[in-house]
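Novice: Got a structure for you, questions after.
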Amino acid sequence: GELGFTGILFTDALNMGAITEGYGAGEAAVRALEAGADVILIPASVPDAIQAVTSAVATGRLTRERIYESVRRILTAKARVGIHLDRMVPLDAITRTVGTFEHRTVANEAAARSITLPRDQAGLLPLDPRRRVLSLTYAAPTNVVAGVEFNTVLAELVPGLVRARIGPEVSPDTLASLLERAADFDVVVVGAYVPPQAGAGSVALPEAVQTFVSTLVEQSPVVLVSLGNPYLLNAVPSVGSYLLAWGDREV
């Protein structure tokens, strides 16, 4: 009301542990509607959520008018874009809207302005192109594109860039070999692709990799670039240069 917002309010995913454990699917949905939400996303149980909302209306906890307000906003938005007349998207029109020059320009500007450098104690950034740089990519084996775009662009800026890659199951021998190899470089850039995933347990670096990076910091100048989870500095607090790129998209 204070903002004068008349659009549609979406919840975040209501199947998050803190919500389901504290309230359950039904109560969470009712409370979201009481708080003003119009669209309930991913309740832990859709039938339970529907039953709880229906019961809340029957008992007077929620009014029919409150439900109608949300329905009206949703239907109005659908009508505004013509979904009630034609809900199918013509496939030949997609490329005229998705990935256009204007959209890519906005995406590139957003990405560039989002880059965050919380720490650069030794002034390693921007990288001196005359330095010998080892780019070490950390990613799960299933992420086959991790580091491809990043290293391609970095190689254009730093001639002679050398690349290496490790994953969560990296062997101690490989890590020991990389420590020896890193000693021949002026800077080691560790690009970490650790996506934050709801309900997936720990999103930090494995303990062996944490120890490896901490040891690497003691012998070489290191720049840790997080292309995903922004909290990796908690795992390796000794890193002197820490750059947040937030995600692994090409932009």
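Novice: Which of the residues that make up segment 67-121 are of a type in the set (D, E, K, R), modelled with pLDDT of 90 or more and within 28 Å of the chain's Cα centre (by Cα)? Spell out how you get there, then give the answer.
Specialist: Quick first cut of segment 67-121, residues of a type in the set (D, E, K, R) only: 69, 72-73, 78, 80, 86-87, 92, 96, 102, 104, 109, 113, 119-120.
Narrowing further to those that are modelled with pLDDT of 90 or more: 69, 72-73, 78, 80, 102, 104, 109, 113, 119-120.
Within segment 67-121, E102, R104, E109, R113, R119, D120 meet the criteria.
Novice: Further question: Among the candidates L216, L227, L233, single out the residue that is surrounded by 19 or more Cβ atoms within 10 Å (Cβ to Cβ), of a type in the set (A, V, I, L, M, F, W, C) and in contact (Cβ under 8 Å) with a residue 60 or more places away in the chain. Explain how you work it out, then say what you get.
Specialist: Numbers: L216 fails: in contact (Cβ under 8 Å) with a residue 60 or more places away in the chain; L233 fails: surrounded by 19 or more Cβ atoms within 10 Å (Cβ to Cβ).
Exactly one of L216, L227, L233 is surrounded by 19 or more Cβ atoms within 10 Å (Cβ to Cβ), of a type in the set (A, V, I, L, M, F, W, C) and in contact (Cβ under 8 Å) with a residue 60 or more places away in the chain, namely L227.
Novice: Anything in segment 33-87 that is surrounded by fewer than 15 Cβ atoms within 10 Å (Cβ to Cβ), free of Cβ contacts under 8 Å to residues at least 24 places away in the same chain, in a helix (DSSP H, G or I) and among the β-branched types (V, I, T)? List them, or say none.
Specialist: The answer is V46, T54, V71, T76.
The values are calculated or read from the model by the stated rules, or taken from the named source; none is laboratory data. The shown structure was predicted, so the numbers you read here are calculated from the model rather than taken from an experiment. Glycine gets a Cβ as well: all are built from the backbone with ideal geometry, and neighbour counts include every protein chain shown.
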